[in-house]
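To keep things clear, I will list the structure first and then write my remarks on it.
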Protein chains: 2
Amino acid sequence: MSFLAFSAQWLPLCLLILFTSVSAIPHNNIPRLSVLGQKFLRDPSVTVSASVWKDLKTYFYNQTLDHFNYNPQSYAKFKQRYLMNSKYWGGANASAPIFVYLGAEEPIDGDIEVVGFLPENAPRFNALMVYIEHRFYGKSIPFETMEEAMTARGYFNSAQAIADYAEVILYLKKKLSAHNSPIIVIGGSYGGMLAAWFRLKYPHIALGALASSAPILYFDDITPQDGYYSIVTKDFKEASETCYETIKQSWSVIDEVASQKNGLSILSQRFMTCSKLNNTIELKNYLELIYCQAAQYNSPPEYPVTVVCGGIDGASQGTDILGRIFSGVVAYTGNISCHMIEDTSNIETALGWHWQKCSEMVIPLGRGSNDTMFFAKPFILSSFIEDCKSMYGVPPRPHWVTTYYGGHDINMVLKRFASNIIFSNGLRDPYSSGGVLKDISDSVVAVHTVNGSHCLDILWKSQSDPKWLTNQRKEEVKIIKGWIKKYYDDLLSSSKN
Amino acid sequence: MSFLAFSAQWLPLCLLILFTSVSAIPHNNIPRLSVLGQKFLRDPSVTVSASVWKDLKTYFYNQTLDHFNYNPQSYAKFKQRYLMNSKYWGGANASAPIFVYLGAEEPIDGDIEVVGFLPENAPRFNALMVYIEHRFYGKSIPFETMEEAMTARGYFNSAQAIADYAEVILYLKKKLSAHNSPIIVIGGSYGGMLAAWFRLKYPHIALGALASSAPILYFDDITPQDGYYSIVTKDFKEASETCYETIKQSWSVIDEVASQKNGLSILSQRFMTCSKLNNTIELKNYLELIYCQAAQYNSPPEYPVTVVCGGIDGASQGTDILGRIFSGVVAYTGNISCHMIEDTSNIETALGWHWQKCSEMVIPLGRGSNDTMFFAKPFILSSFIEDCKSMYGVPPRPHWVTTYYGGHDINMVLKRFASNIIFSNGLRDPYSSGGVLKDISDSVVAVHTVNGSHCLDILWKSQSDPKWLTNQRKEEVKIIKGWIKKYYDDLLSSSKN
């Protein structure tokens, strides 16, 4: 059932990037940098606590459109959504902490539902919980419609987004008279990058950051372009050598069949596509996305990679390669009437993230012909730039992220600068290839698990959680407690001076 | 002679803020936040080495107009001037250091001439010297004329300026293949703030910063509004109690005379004004500016405050208060044909800084009726905002500097974050009231001198320099050497890993 739910609700959203007009650009075809996706794959025994919503109050902050410009149009205001849950807060007088979840490239609602880290830990920290939505997503779109907003997409970038967070947090601290309450920012995936960058750029606002599955090194070729696909490959190979071999061989089989008379019809039939395939790339992209999705959100207790490989390896004897592949697909999606259906729901989110990738968040994902289990798909920066330019009228700035936030030689740079950042990763998450996996200093630390997947640590706990996951979360909590304790000590001694 | 030179060349520039249209707004009436001003007051025995210019080569970088926005107009390019002197550089292979002087609110030429710190220390560091001009000043104005540029003044702010510096430095490191050369940024006054902020925001680009006389705490009422004027007052009081008393009494005497029949004519005559005074404020502002200027640039060997007080106290017996005051003025300006002449040279610089103060750099300078030796001039934020708004069409953002760069609780915040910043100050500099005067950590340190004035440490050495000044400079050099040594050690051990 859970896989059916996944197919019906989540996969289509991802497939947008394939099938809508946005896909004109041959961008990488992998799941968004999102904590979501996980939601429909997780243990069905985990039910989201209704109290998450019950105790949350929604507010809107009158946000400045452009923080870094003083032209009159920069002063335009928009309503930015944030939500608060003060049920467990120890209050301003006690200087009790504030957990701030930094929204990413989707409406904040989804994150609130799947991220358990805040509500599960707020009681023991006596923490206030705040969730802030990212500009241009959800209910925080600066204009009436996303279409209108996209004409002003120049204001839609990470530097503006974290400046938004800075303003909202300072406003709240003032409003709550919580001057001394330490702020811990938390985010996952793209939101995890924002959390780490927020601590680096606004250390006077956030005491520390938990950056879950944040591939902050997947820019400007710091990480090898095939890092992502290499881990997907490794995940499948580790799950089953024969499964990996089958997938690796399948691409040429697809090409072979396609080259036959009525080849595309045959492929369409065999993969039960909702409409006839126009080319093999459509099919290959669909399969690629499933494998990437399975690997990225390869979480207990099901472990989708194992599920897919179970389908592939478990097909009855004599089944040919395409049959095995389709069997793997069905194991993943469940029995659905047809595959690769077009979908236009959640177009806003897909549009938004596509723009971000085509302007600032240039993540060079590519692969050669023999370095992974996939077919070749090199990332060619010059073509990427041209494609984005022809689509949006302006070229991306592929070196800006490392110019503004750094990344090169991160160990040297942050070893003697910065503090209080946790980079958490699961090594089975393909994005961990662009993550910080080694401690940089005493308090800029890497907490990773060998078997973990994307953003697993900040999702809701479950009875079925393996020990290593429970331990990872415990370690994170311990580290954050340490930051806060030190902060209170500093506060005490500064008040004595 | 030096005072005459000062009067003819420098004072008029400052007085612009009083006398040109810019002065419609009752801004604070103090010298700009500039290392200059000093130039014409210094020991005439110091002659600027001709080789400063001889070995400097001028270049222009194709700079992006707006780093934080992706609208098409943000992509406009302008020529940003930078200059390099590689005479002493040890080269890229030796990973020899690069000193980068960050331009401030004036053409870079003036700073190159008065700032001796780079050329004097480059030989012992084998350092490359780079000077980068601030956007919208000098030859780095994004449009044909300053007038045109001011219609696009929204792009004219510190966040954009330090992003410019980031781009130029990365470009140069690449061009010179100097990937491992450590960057030390240096700046004075507003440029000193930029240097400190640059290290905080771009630690991956600058290894350390020397921030000379940078009043980074003179925002958002972290520093008392009368901090500046209190130090001017203290300087005069310490120089001479009677001088201080005379000045303090003079304001009411001016009012008294003005209230008489033909009072303004009498005042005009007594102060030899070039044209008849329209009101007493003109005169009071003129006097105030002289006192502030004298205090801010109260440097050896002359010590202008002593010069002014020498004039006031040394007037022949029986001279009345106004006579003494005028005698102080003449001691400072030298014998000039008339006082308070209008001047329109260097209007660009004055216009630019006025805009910066009215948008982002909101420094709340004010004073009550009895806290200083001056007449009352409170800073009223609401009026300030209204005035700026009516002048520029947009209001200032008075809390933005502390939002973006911090400042509140700076000790708590930076104690466990950041490294390698020297905040140097002279305690006789009125701006030192907004400076960092205590060590924050082992490597975020305050180096100040009791008798120093504005930016004194980074100016050219002189035979007549007092011991304390020589020591201050030595200490700074020693600290920077320590940063670089540690960096080379890190580099070595990272290459071994």
In sequence order, what are the phi-derived ³J(HN,Hα) couplings for segment A:322-332 according to the Karplus relation 6.51 cos²θ - 1.76 cosθ + 1.60 with θ = phi - 60°, rounded to whole Hz, with x for glycine and proline? 4, x, 5, 4, 5, 4, x, 4, 5, 4, 7
Could you please rank A:F68, B:F143, placing first whichever residue has the fewest other Cβ atoms within 10 Å of its Cβ? B:F143, A:F68
By the scheme Lys and Arg +1, Asp and Glu -1, what is the net charge of all other residues having a beta-carbon under 11 Å from that of B:S230? 0
What do the square roots of 5 times the Cα gyration tensor eigenvalues come to for segment B:164-209, in whole Å, largest first, as semi-axes of the equivalent ellipsoid? 19, 10, 9
Which of A:M129, A:A92, A:S189, positive extreme of dipole for chain A (C-beta unit charges): A:A92
Give A:K174/B:K415; A:K57/A:K201; A:K57/A:K485 a once-over and call out the pairs whose C-alpha atoms are over 25 Å from each other. A:K57/A:K201; A:K57/A:K485
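Would you work out if segment B:363-422 is rounded, prolate or oblate? Take a ≥ b ≥ c from the square roots of the eigenvalues of the alpha-carbon gyration tensor; rounded if a/c is under 1.5, else prolate when a/b is larger than b/c, oblate otherwise. It would help to have the intermediate numbers written out before the result.
Values: a/c = 3.55, a/b = 1.47, b/c = 2.42.
Cα axes put segment B:363-422 in the oblate bin.
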What are the ³J(HN,Hα) couplings of segment A:86-91, residue after residue, when phi is run through the Karplus curve with 6.51, -1.76, 1.60 and θ = phi - 60°? Round to Hz, x for glycine and proline. 9, 3, 9, 5, x, x
Name the shape class, rounded, prolate or oblate, that the alpha-carbon gyration tensor gives for segment A:202-290, where a ≥ b ≥ c are the square roots of its eigenvalues, rounded holds for a/c under 1.5, and otherwise prolate holds if a/b is larger than b/c and oblate otherwise. prolate
Mind listing the phi-derived Karplus ³J(HN,Hα) values for segment B:379-384, rounded to whole Hz, using 6.51, -1.76 and 1.60 with θ = phi - 60°, and x for any glycine or proline? 9, 10, 4, 4, 5, 4
Rounded, prolate or oblate: pick one for segment A:224-365, where a ≥ b ≥ c are the square roots of the eigenvalues of its C-alpha gyration tensor, a/c under 1.5 means rounded, and failing that, prolate if a/b is larger than b/c, else oblate. oblate
Between chain A and chain B, with a rotation axis joining them, whose C-beta in A is nearest that axis, and what is the whole-Å distance? A:F68, 2
For the protein assembly as shown, diffusion coefficient by Stokes-Einstein and Kirkwood Rh (Cα), 37 °C, 0.692 mPa s, µm²/s: 107 µm²/s
Among B:H339, A:H454, rank each residue by its count of other Cβ atoms within 10 Å, from fewest to most, as a rough exposure measure. B:H339, A:H454
Any residue on another chain or 5+ positions along whose placed amide H is under 5 Å from the amide H of A:I186 is listed here as A:V100, A:Y101, A:L102, A:L210
Radius, Kirkwood style, for chain A when every pair of distinct Cα atoms is counted (Å): 23.4 Å
DSSP bridge pairs, chain B: antiparallel proportion in percent, nearest 5: 35 percent
Label position 7 Å from Cα toward Cβ: report the copy-to-copy distances for A:M146 in nm, one decimal, ordered from shortest. 4.7
Mind pulling the angle between the C-alpha long axis of helix B:347-359 and the longest principal axis of chain B? Nearest 10 degrees, somewhere in 0 to 90. 80 degrees
Intensity falloff of segment B:410-488 expressed as log10 I(q)/I(0), Debye formula with alpha-carbon point scatterers, at q = 0.12, 0.22, 0.28 Å⁻¹: -0.36, -1.04, -1.31
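For each of A:I132, B:I380, count neighbouring Cβ atoms within 10 Å of the residue's Cβ, then give the residues from fewest to most.
Result, fewest neighbours first: B:I380, A:I132.
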In segment A:345-397, how does Rg compare with the Kirkwood Rh, expressed as the Rg/Rh ratio over alpha carbon atoms? 1.06
Computed Kirkwood radius, in angstrom, where 1/r is averaged over Cα pairs of segment A:102-250: 17.7 Å
If the viscosity is 0.890 mPa s and the temperature 25 °C, what translational diffusion coefficient in µm²/s does Stokes-Einstein give for segment B:64-158 when Rh comes from Kirkwood over Cα pairs? 165 µm²/s
Shortest first and in nm to one decimal, what separations exist between B:T470 and its copies in the other chains, measuring from label points 7 Å along the Cα-to-beta-carbon line? 7.0
Against the globular-protein guess of 2.2 N^0.38 Å, express the Cα radius of gyration of segment B:399-444 as a ratio, rounded to two decimals. 1.21
To the nearest 20 debye, what is the magnitude of the charge dipole of segment A:136-261 about its Cα centre, counting +1 on the Cβ of each Lys and Arg and -1 on the Cβ of each Asp and Glu? 760 debye
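A short reminder: the numbers here are calculations on the coordinates, not readings from a lab. No experiment lies behind these values; they were computed from the predicted model shown. Virtual Cβ from ideal backbone geometry, glycine too; neighbours counted across all protein chains shown.
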